[in-house]
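Here the structure comes first, spelled out in structure tokens, and everything after it is commentary.
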Amino acid sequence: MVVEFLPPPGTPVEMIDTPAMIVDLDVAEANIRDIQRVVSSGGAAMRPHTKTTKSPYWALKQIDAGAVGVCCAKVGEAEVLVEGGVSDILITSEIISASKIARLAALARNADIKVVVDDADNARDISAAAIASKSQIGVLVDVNIRIDRCGVEPGEPTTTLAKIVDGLPGLNFEGLNGYEGHVFGLGDERIPETLEALEKLQFAVAEVKAAGLPVGTVSAGGTSTHDITSKVPEVTEIQAGSYIFMDGQYVDQELAFGPALTIMTQVISRPVADRAILDVGLKSIANDYGPPRVMGLDGAEFTKLSEEHGTLALEESAQGLVHGDVVHLLPSHAGTTINIHDYYFCVRNGILEDVVEVAGRGKFR
Ligand SMILES: Cc1ncc(COP(=O)(O)O)c(C=O)c1O
């Protein structure tokens with residue numbers, strides 16, 4: 001078996017083998033503290049989404065900072081979180097197949113597990129699995145608040161499903177889930193669009209309450225709406241996730257969080273003055289939302305990403321780059337980049353502090 005060499009704590013960042021996923025701990029921790037403060041002062045709790053980070057390490061830091069629990073997208077992610085010591089988890093995607101539902105029910109024996117549903121038969125299947133494994137599963141009815149992805153419509157469809165869930169053994173009807181993820185990159189329209197989406201959720205809450213059911217939890221919000229959604233009185237918790245690292249997609253949104261995660265790469269070839277080749281490719285950085293951005297090196301532009309090579313076009317000011325120099329890249333999409341790495345290299349003031357496994361990597365079942 002090949003044993004991977006991992007650098008010990010205390011290693012200077014530029015000595016870590018590349019390509020490496022580097023997190024600036026000071027920036028990530030400030031992002032965690034800042035969103036917690038804003039969301040608390042808005043009147044809601046934080047329940048960060050961990051589909052980006054895919055690691056209990058970050059979830060536990062977020063919980064230490066005041067989060068009530070976390071969200072994730074898949075049963076496999078939830079299993080990794082529970083194994084890593086996280087005890088309060090909301091799965092924000094519908095869980096359908098019999099074997100996944102059985103795993104969900106088994107997991108609920110060891111942790112407070114909640115899941116969203118938008119279908120009565122699915123709720124019945126989850127109830128049967130909870131009974132079989134002698135567990136209780138929290139259920140939130142998933143409401144479509146204009147994202148037009150999953151979820152039932154507010155009003156009668158939501159209320160009917162809530163009543164069905166409430167009557168099923170093994171399930172605890174806990175409330176409603178709504179995600180206004182369509183409010184992204186809207187600039188001036190961000191506030192009115194968010195409030196319009198949230199009106200749908202407020203209406204759904206009022207109708208369910210009018211039918212005599214208690215609505216203990218209303219989970220909503222993302223990075224681009226956390227400051228607005230947390231002030232909506234009905235909303236009890238915010239599911240933001242991307243704020244922790246920010247990525248190329250999010251950094252231009254004028255939000256008060258700093259970029260904390262880069263892929264550190266190394267110059268492996270300098271064929272001509274205006275071109276440098278990096279040891280990064282599609283296998284170590286995702287480009288589903290566009291090319292990576294070069295950080296801290298004026299005059300260098302990322303022009304091409306192939307399987308194992310990255311190409312930089314260099315203006316004169318950047319032509320001092322030589323073989324072995326390191327270059328930090330901001331991925332356009334952190335979630336899909338993290339999912340192809342084994343480790344986070346967590347750095348403070350340029351020195352390695354922790355090597356953290358991406359334990360949920362590839363756990364998409
Ligand atoms: C259901 C749900 N909630 C919350 C989030 C977190 O949103 P963001 O990454 O913008 O913070 C996502 C992200 O896609 C999501 O799908």
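Using a cutoff of 8 angstrom between alpha carbon atoms and counting only pairs six or more residues apart, the relative contact order for region 269-346 works out to 37 percent.
For region 278-289, 3J(HN,Hα) computed residue by residue from phi via the Karplus equation (6.51, -1.76, 1.60; θ = phi - 60°) reads 9, 8, 10, x, 4, 7, 10, 8, 8, 10, 5, 10 Hz, glycine and proline entered as x.
Shown for region 210-269 is the translational diffusion coefficient from the Stokes-Einstein equation, using the Kirkwood radius over Cα pairs, a temperature of 4 °C and a viscosity of 1.567 mPa s: 92 µm²/s. Taking amide H atoms as placed 1.01 Å from N in the peptide plane, the amide H of Val152 lies under 5 Å from those of Asp142, Val143, Asn144, each 5 or more residues away in sequence or on another chain.
Between rounded, prolate and oblate, where does region 36-155 land on the alpha carbon gyration tensor, with a ≥ b ≥ c its root eigenvalues, rounded for a/c under 1.5, else prolate if a/b exceeds b/c?
Numbers: a/c = 2.02, a/b = 1.22, b/c = 1.65.
Judged from the Cα gyration tensor, region 36-155 comes out oblate (a/c at least 1.5, b/c at or above a/b).
Report, in whole Å, the centroid distance computed from the Cα atoms of region 66-97 and region 294-314. Taking the Cα centre of region 294-314 as reference, the centre of region 66-97 is 36 Å away. Between 0 and 90 degrees, the angle of helix 120-132 with respect to the longest Cα principal axis of the chain falls at about 90 degrees.
Evaluate the relative contact order of region 87-201 (contact order divided by residue number), counting alpha-carbon pairs under 8 angstrom at least 6 apart; express in whole percent.
Working: 202 pairs, mean separation 27.1, N = 115.
Worked out over region 87-201, it gives 24 percent.
The calculated pair-distance distribution of the chain uses every alpha carbon pair, bins of 10 angstrom beginning at 0, and gives 5, 23, 30, 22, 13, 5, 1, 0 percent.
If you take all other residues with their beta carbon under 14 Å from the beta carbon of Leu330, and give Lys and Arg +1 and Asp and Glu -1, the sum is -3. Expressed per residue, the C-alpha convex hull volume of region 109-200 stands at 92 Å³.
With a/c under 1.5 counting as rounded, go ahead and sort region 274-359 into rounded, prolate or oblate using the C-alpha gyration tensor (a ≥ b ≥ c being the square roots of the eigenvalues; past the cut-off, prolate if a/b is larger than b/c, else oblate).
Numbers: a/c = 2.16, a/b = 1.38, b/c = 1.57.
Oblate.
Counting neighbouring Cβ atoms within 10 Å and putting the fewest first, the residues Met264, Met46, Met1 line up as Met1, Met264, Met46.
Please report the net charge: other residues with Cβ closer than 11 Å to the Cβ of Val267, K and R +1, D and E -1. Mind showing how you got there, number by number?
Numbers: positive: Arg270, Arg275; negative: Asp279, Asp325.
Result for the local shell: 0.
Only Cα pairs under 8 Å and 6+ residues apart enter the sum, and on that basis the relative contact order of the chain stands at 21 percent. Each residue of region 213-227 was assigned a 3J(HN,Hα) from its phi angle through the Karplus curve 6.51 cos²θ - 1.76 cosθ + 1.60 (θ = phi - 60°); the sequence is 9, x, 10, x, 10, 10, 9, 7, x, x, 4, 7, 10, 4, 6 Hz, with glycine and proline shown as x. Give the long-range amide H neighbours of Leu171: residues separated by 5 or more places, or on another chain, with amide H under 5 Å away, using H modelled in the peptide plane at 1.01 Å from N. It is Ile137, by chain and number.
Would you mind counting up the charge near Glu316? Only other residues with Cβ under 12 Å from its Cβ, with Lys and Arg at +1 and Asp and Glu at -1. Don't skip to the answer; put the middle values down first.
Working: positive: none; negative: Asp274, Asp298, Glu315.
Local charge sum for Glu316: -3.
3J(HN,Hα) couplings calculated from phi for region 260-274 with the Karplus curve 6.51 cos²θ - 1.76 cosθ + 1.60 (θ = phi - 60°) are, in sequence order, 10, 10, 10, 9, 8, 10, 10, 6, 10, 7, 10, x, 9, 4, 9 Hz; Gly and Pro show x. With respect to the chain, whose longest principal axis is taken over its alpha-carbon atoms, helix 190-210 is tilted by about 30°.
What is region 8-77 by shape, rounded, prolate or oblate, if you read a ≥ b ≥ c off the alpha carbon gyration tensor as root eigenvalues and call it rounded for a/c under 1.5, prolate for a/b larger than b/c, and oblate otherwise? Here region 8-77 falls in the oblate category. Less than 5 angstrom separates the built amide H of Thr217 from those of Gly175, Leu176, all sequence-distant by 5 or more or on a different chain.
Bear in mind these aren't lab numbers, they're just calculated from the coordinates by the rules spelled out. All values derive from a computational prediction rather than experimental measurement. FYI the Cβ positions are ideal-geometry reconstructions off the backbone, even for glycines, and counts take in every protein chain you see.
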